[in-house]
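A.B. asks: Take a look at the following structure, please.
The values are calculated or read from the model by the stated rules, or taken from the named source; none is laboratory data. Everything numeric here is computed off the predicted structure, so don't read it as measured data. A quick note on method: Cβ atoms are made from the backbone with ideal geometry, for glycine too, and the neighbour counts reach across all protein chains shown.
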Amino acid sequence: MDIPERTGETASRYSQVAEAYIDLFGAAEQAEAEDRELIAQWAAQIHGPVLDAGCGPGHWTKFIADTNRRATGVDLVPEFLEYARANFQKPEFLRADLAQLPFEDQHFSGVLAWYSVIHTPPSELAPLLTELARVLKPGGTLLLGFFAGDQLETFAHQVAPAWYWTPADLTLLLEQAGLKVLQAGTRARAEARTHGHLLAQKPA
């Protein structure tokens, strides 16, 4: 697998903090209740296989698989995948770059990209979203989680540089990728960065 240098560096940094990350975020129960509710409502509308793109330690992949949906998680951090495979037997976990997914066109009924593109530079995000759209079936939906801001700007994330996005800017990129945005929302969080989410659908 030919991984771009920047992407490989970010994955390497997550490898270095994988144990601490898993302790903090290794189970869906550790996530905010609003996130669990949103993802559960989204998954309930999907009738077919689901991709957890940038699955980390696999907690959301398991969360989706527990709703009797076939779920596949992909990530580039070996430590995350090792943990996921050891602890969550129901889903499938693969090592893959989100910009070069090893799946056929229109393979999934749903794609979850939950904070998994926050480190992607703006100049590289459009083709990545196009790749996520490629593997979606017509009528399938993408649920995207991100850090929301008043403008597009970078910030010093604890692991690697990340970006704040406005819902409007991300909506434009999703539309350029051939998706229709059905829902956009932000949520202020106590002592944490503002959460944003977008729900987009591939036209049938």
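A.B. asks: Could you pull out the residue among 66, 75, 150 that is of a type outside the set (S, T, N, Q) and touching a Cys at 6+ places or on another chain (Cβ under 7 Å)? Walk me through it before giving the result.
C.D. replies: On the way: 66 fails: touching a Cys at 6+ places or on another chain (Cβ under 7 Å); 150 fails: touching a Cys at 6+ places or on another chain (Cβ under 7 Å).
Within the list 66, 75, 150, the selection yields 75.
A.B. asks: Further, regarding this structure: Would you check which residues across segment 31-58 are free of Cβ contacts under 8 Å to residues at least 40 places away in the same chain, out of contact with any helix residue (DSSP H, G or I) (no Cβ under 9 Å at 6 or more places or on another chain) and under 21 Å from residue 136 (Cβ atoms) and list them?
C.D. replies: Scanning segment 31-58 gives 41, 44.
A.B. asks: When you scan segment 34-112 for strands (runs of 3 or more DSSP E) that lie fully inside it, which ones turn up with 3 or more residues that are touching a Phe, Trp or Tyr at 6+ places or on another chain (Cβ under 7 Å)? Walk me through how you get there before you give the answer.
C.D. replies: Numbers: elements: 50-53, 71-75, 92-95.
Filter on segment 34-112 gives 50-53.
A.B. asks: I'm trying to understand the selection: among the residues of segment 167-183, which are in a loop (DSSP other than H, G, I, E, B) and under 17 Å from the mean Cα position of the chain (by Cα)?
C.D. replies: 177, 179
A.B. asks: Right, here's the next one. Does residue 139 fit the bill of being closer than 29 Å to residue 169 by Cβ and touching a residue at least 60 places away in the same chain (Cβ under 8 Å)?
C.D. replies: Details: closer than 29 Å to residue 169 by Cβ: yes; touching a residue at least 60 places away in the same chain (Cβ under 8 Å): yes.
Against the criterion (closer than 29 Å to residue 169 by Cβ and touching a residue at least 60 places away in the same chain (Cβ under 8 Å)), residue 139 qualifies.
A.B. asks: Just to be sure, is residue 114 under 15 Å from residue 195 (Cα atoms) and under 14 Å from the mean Cα position of the chain (by Cα)?
C.D. replies: Details: under 15 Å from residue 195 (Cα atoms): yes; under 14 Å from the mean Cα position of the chain (by Cα): yes.
Here the answer is yes, as residue 114 does meet what is asked.
A.B. asks: What are the residue pairs meeting all of these: first residue in segment 85-105, first residue over 13 Å from residue 52 (Cα atoms), second residue assigned to a strand (DSSP E or B) and of a type in the set (Phe, Trp, Tyr), Cβ atoms under 8 Å, and 6 or more apart or on different chains?
C.D. replies: Hits for this filter: 85/93.
A.B. asks: In addition: State the number of residues belonging to segment 48-69 that are modelled with pLDDT of 95 or more, at negative phi and touching a strand residue (DSSP E or B) at 6+ places or on another chain (Cβ under 8 Å).
C.D. replies: Summing the residues that are modelled with pLDDT of 95 or more, at negative phi and touching a strand residue (DSSP E or B) at 6+ places or on another chain (Cβ under 8 Å) in segment 48-69 gives 11.
A.B. asks: Consider segment 5-33. How many of its residues are in a loop (DSSP other than H, G, I, E, B), modelled with pLDDT of 85 or more and of a type in the set (A, V, I, L, M)?
C.D. replies: Pass one, segment 5-33, residues in a loop (DSSP other than H, G, I, E, B): 17, 26-27, 31-32.
Restricting the remaining residues to those that are modelled with pLDDT of 85 or more gives 17, 31-32.
Add one more test, that the residue is of a type in the set (A, V, I, L, M), and what stays is 17, 31.
Number of matching residues: 2.
A.B. asks: What are the residues in segment 143-184 that are closer than 11 Å to residue 200 by Cβ, in contact (Cβ under 8 Å) with a residue 40 or more places away in the chain and surrounded by 13 or more Cβ atoms within 10 Å (Cβ to Cβ), if any?
C.D. replies: 143, 144, 173, 174, 177, 178, 179
A.B. asks: Within segment 76-124, can you find the residues that are among the hydrophobic types (A, V, I, L, M, F, W, C) and surrounded by fewer than 20 Cβ atoms within 10 Å (Cβ to Cβ)?
C.D. replies: We begin by selecting, within segment 76-124, every residue among the hydrophobic types (A, V, I, L, M, F, W, C); these are 76-77, 80-81, 84, 86, 88, 93-94, 96, 98-99, 101, 103, 108, 111-114, 117-118.
86, 94, 99, 103 - these are the residues of segment 76-124 that are among the hydrophobic types (A, V, I, L, M, F, W, C) and surrounded by fewer than 20 Cβ atoms within 10 Å (Cβ to Cβ).
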